[in-house]
Amino acid sequence: MSTAVHTHVLGEAYKRKEDARFIRGQGKYVDDVQLPGMLYGAIVRSPSAHALIKHIDSSQALQVPGVVTVITGKDLEAAGLNWMPTLPGDTEIVLAVERVLYQMQEVALVVATSRYAAADGVAAVEVDYDPLPVVVDPRKALDPDAPLLRPDKKDKQPTNQIYHWEVGDRAATDAAFADSAVNGVVVKQDIYIPRIHPAPIETCGCIADYHAATGKLTVWLTSQAPHVHRTIFAWVTGLPEHRIRVISPDVGGGFGNKVPLYPGYLCAIAASLKTGKPVKWIEDRSENLSSTSFARDYHIHAEIAADKAGNVQALRVHTLADHGAFHTAAQPRQFPAGLFHICTGSYDFKHALVEVDAVHTNKAPGGVAYRCSFRVTEASFLIERLMDTLARDLGKDPAELRLENFIKPEAFPYRSALNWTYDSGNYEAALKLAMKKIDYAGLRREQAEKRTRGELMGIGISSFTEIVGAGPGKHFDIVGIQMFDSCEIRVHPTGKALARIGVQQQGHSHETTFAQIIAAELGLSPDDVDIEHGDTDTAPYGLGTYGSRSTPVAGAATAMAARKVRDKARKIAAYLLEVGEEDLEWEPGRFFVKGAPDKGKTIQELAFAAYTNCPPYLEPGLEAVNYYDPPNLTYPFGSYICVVDLDRGTGEVHIRRFMAVDDCGTVINPMIVEGQVHGGLTQGLAPAMYEELSYDEDGNIRGGNFQDYLMPTAMEAPRWETDRTVTPSPHHPIGAKGVAESPTVGSPQAIVNAVVDALAHVGIRHIDMPITPEKVWNILNEKGLTSD
Ligand code: CDP
């Protein structure tokens, strides 16, 4: 008889361990940290989008009670601290010296004994600006008479063009288009994917605490990638990396916003180095929306060539990317436009060509992967929009067209026309499940009937393919550091375990799900495994949490580290049971002798033996570390169907139903996955119908606060319906793929497709996001469809 052990299996809806502190309000965020003698920094920012700085006068600010010092760019230059490397290899200035390049750019730092005194000091700094012409429209950035925005780079970059990048087979793609123009069908669409912002609840901030006596710099940081930030701080400050400790405590949402480095961090470090005191800098909401990294801002022209029957042949895409004042887009160096060339999506295209031109404008820098893997949202939007247009032109149902063109389940691993190797997929199963759950056929009948009565109802589909889990390290890096991830596990003598991971959670539930992975591998209870992260002095080096890479990469490292622990436990069991290792069998939580199930040792007994009765030929202790460089990315997918009703009086779009079928391979915790999907869908609804960071012609930001930047709340979100299929990743140790960003990537186009579908019979082919009531009402008015 086998001894009773806890057998934790993946797929249990285990309650979130982190909720014990969060629901009691006992989380600890950077702004909760109070250090003795701490000073507070506040930043003087440019009111102008493009201007020369003639003079900065700090004298009045220094008179403000409580103000300790004012630091300018020239001060930082003198200290060698006025630069930051950006992720794709540009250099960003910390505090502007000669010129400002966008509204709200950092110009000086006021340091004071309280946050209020620092803010008063900011108001008292006088900066004399000489305005320069402003470039807001990226299409004008390349005009011959456009002002050169980055004269500092003019030797390598004589215009405002940052790069031209292309991938694919131009000749074969052009030939396919020429053929389809004669013998088939070609559809084209211009699409603008507006600039939006991740807008996490907690804004960015840090506390820098430098001790001259020990030479140690501790930085409490709102970071999605603490180790990488530590390395960059070492490069910039010249301090030895082992004397820099980055601590990211609880982080209140990241969504890509907390991956890059921001001037405020370097300002706080410089101020602490200068004053010898801890310096806290926390940005306010307007600073966050106006100066930290935006997302999207892609002007796309896309075309599909298909044969007469609707079989897709080729995809051709040109994109103009607005990167703002600095080239800081979050992406691996090998792929200037990130993973945008996943844009052939779920369909079996023979040929494709993607070109991207990135330009500078007088806007805040960025281009982060907002809940998406480096531009996959833009890619997925364009292909799903165009498939609908193609269906419309062919007179086909959009579901039927998709089913006909999907990559077939037996074609995996599938090499795409743009050179990605999709690991696994079954797109047909996901779409058919979504169609069944929502009664697609019934909805189409209802729509036809309503149309005869003049009612406007639309149905939109999105059958997206995601790409998450960067590395492999040979293709993916951040500032040159290869993208792997890590886990270190220590099993204590009593069989309880502590694991430290290289990724950093910002609401992901890693403390629960990574404990579940270890529990499942070792036959422990998840309660007996604690997970730590976010302290670079203790956690193994990792590349951070973004682009749904935690589960695919650090999750794999965790399973592999647990397996190393289990391998050692097997050796100890063989010694204790006096049999060969090959004579042992594993059941969750226990090794036993083959053919003699009552002769065995539990993992707890083996852990105790590791410290008390270890075989003489083994090192004592039971721990392991794994650094995991994934062999490939994982390719989650899903099919979403959205049903909308349009109000002919107001132009309002009412999302009546939204069915989301996701496939993220093996599910670790279904409750958490569902939560991730709900949150992600709401972040897809946001750009589809509400959010946009726009600028006026003088470069004034029009969405710099939550009154102007319309973020949806639970009130606006529809009742999400979810389901799943399970197609494990063949190369991930537990078959898991990422899930967090799938709903944000997959949902906007389902909503837009639904609204366009409601209006297609009057000739509407596309509406750019956000689909506001005003935009819809104008269309209704133009088409004579408004009701009284
Ligand atoms: O990298 P990031 O943490 O953003 O996202 P992810 O790996 O896609 O997953 C987010 C969370 O969902 C994970 O931390 C897990 O808690 C959970 N998850 C899961 O339970 N099963 C999966 N197959 C994938 C994710």
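Counting pairs of Cα atoms in the range 10-73, how many percent are more than 17 Å apart? Write down the numbers at each step before the final one.
Working: 1374 of 2016 pairs.
When every Cα pair of the range 10-73 is considered, 68 percent fall beyond 17 Å.
Order these peptides, 33-43, 295-305, by their mean beta-carbon neighbour count within 10 angstrom, highest first.
Top to bottom by mean Cβ count within 10 Å: 295-305, 33-43.
Per residue, how large is the accessible surface of the chain? Use a 1.4 angstrom probe and give square angstrom.
For the chain, the per-residue accessible area is 36 Å².
Given the range 129-230 reduced to its alpha-carbon atoms as identical point scatterers, what log10 I(q)/I(0) does the Debye formula return at q = 0.12, 0.13, 0.18, 0.20 Å⁻¹?
Normalising to I(0) and taking log10 leaves -0.91, -0.98, -1.08, -1.09.
In square nanometres, what is one fourth of the surface area of the convex hull spanned by the alpha carbons of the range 662-788?
11.6
In whole percent, and with a 1.4 Å probe on the protein chains, what portion of the accessible area of the chain is carbon and sulfur?
C and S atoms contribute 51 percent here.
Looking at the square roots a ≥ b ≥ c of the eigenvalues of the Cα gyration tensor of the range 1-153, which shape do they give, rounded for a/c under 1.5, prolate if a/b is larger than b/c, or oblate?
It is oblate, given that a/c is not under 1.5 and a/b is not larger than b/c.
Based on alpha-carbon atoms only, what is the radius of gyration of the range 189-310 relative to the globular estimate 2.2 N^0.38 Å?
Here the Cα radius of gyration is 1.43 times the empirical estimate.
Arrange the peptides 746-759, 119-132, 102-115 so that the one whose residues have, on average, the most other Cβ atoms within 10 Å appears first.
Going by the mean number of other Cβ atoms within 10 Å, highest first, we get 746-759, 102-115, 119-132.
Which distance in Å, rounded to a whole number, links the C-alpha centroids of the range 298-353 and the range 107-132?
43
Which residues' amide hydrogens lie under 5 Å from the amide hydrogen of Tyr695, considering only partners 5 or more residues apart or on another chain, with H built in the peptide plane?
For Tyr695, whose amide H was placed from the backbone, the distant partners under 5 Å are Arg702.
Quick one, can you get me the convex hull of the C-alpha atoms of the range 550-602 expressed as volume per residue in Å³?
Dividing the Cα hull volume of the range 550-602 by its residues yields 74 Å³.
Could you order peptides 137-147, 323-333 by the average number of other Cβ atoms within 10 Å of their residues, highest first?
Result, highest mean Cβ count within 10 Å first: 323-333, 137-147.
Give me the distance between the Cα centres of the range 144-216 and the range 379-446, rounded to whole Å.
Rounded to whole Å, the Cα centres lie 28 Å apart.
For the range 595-628 and the range 705-751, what is the separation of their Cα centres, given in Å?
Result: 41 Å between the Cα centres.
Can you work out D for the chain in µm² s⁻¹ from Stokes-Einstein, where Rh is the Kirkwood radius over C-alpha pairs, the temperature is 10 °C and the viscosity is 1.306 mPa s?
In µm²/s, the coefficient is 57.
Which number do you get for Rg(Cα) / (2.2 N^0.38 Å) in the range 645-689?
1.53
Viscosity 0.692 mPa s, temperature 37 °C: Stokes-Einstein D of the range 508-649 from its Kirkwood Cα radius, in µm² per second? Intermediate values should be presented prior to the final figure.
On the way: Rh = 17.7 Å.
Translational diffusion coefficient: 185 µm²/s.
If you line up the Cα atoms of the range 234-368 on their principal axes, what length do they span on each, largest first, in Å?
On the principal axes, the range 234-368 reaches 72, 32, 27 Å in Cα extent.
Along the three principal axes, how long is the range 569-714 when you take its alpha carbons, biggest first, rounded to the nearest angstrom?
81, 37, 29
Quick check: convex hull of the Cα atoms in the range 566-633, volume per residue, rounded to a whole Å³?
So the per-residue Cα hull volume is 122 Å³.
Provide, for q = 0.13 Å⁻¹, the log10 of I(q)/I(0) from a solvent-free Debye sum over equal Cα point scatterers in the range 401-496.
Ignoring solvent entirely, the Cα scatterers give -0.74.
How big is D for the range 105-186, in µm² s⁻¹ as a whole number, if Stokes-Einstein is applied with the Kirkwood radius of its Cα pairs at 25 °C and 0.890 mPa s?
For these conditions, the coefficient is 133 µm²/s.
The values are calculated or read from the model by the stated rules, or taken from the named source; none is laboratory data. A quick note: this is a predicted structure, and the numbers were derived from the prediction, not measured. Note that we place each Cβ from the backbone using ideal geometry, even for glycine, and neighbour counts take in every protein chain shown. We work out accessible area using only protein heavy atoms, side chains counted, and drop any ligands, DNA or RNA first. Shrake-Rupley method; radii C 1.70, N 1.55, O 1.52, S 1.80 Å.
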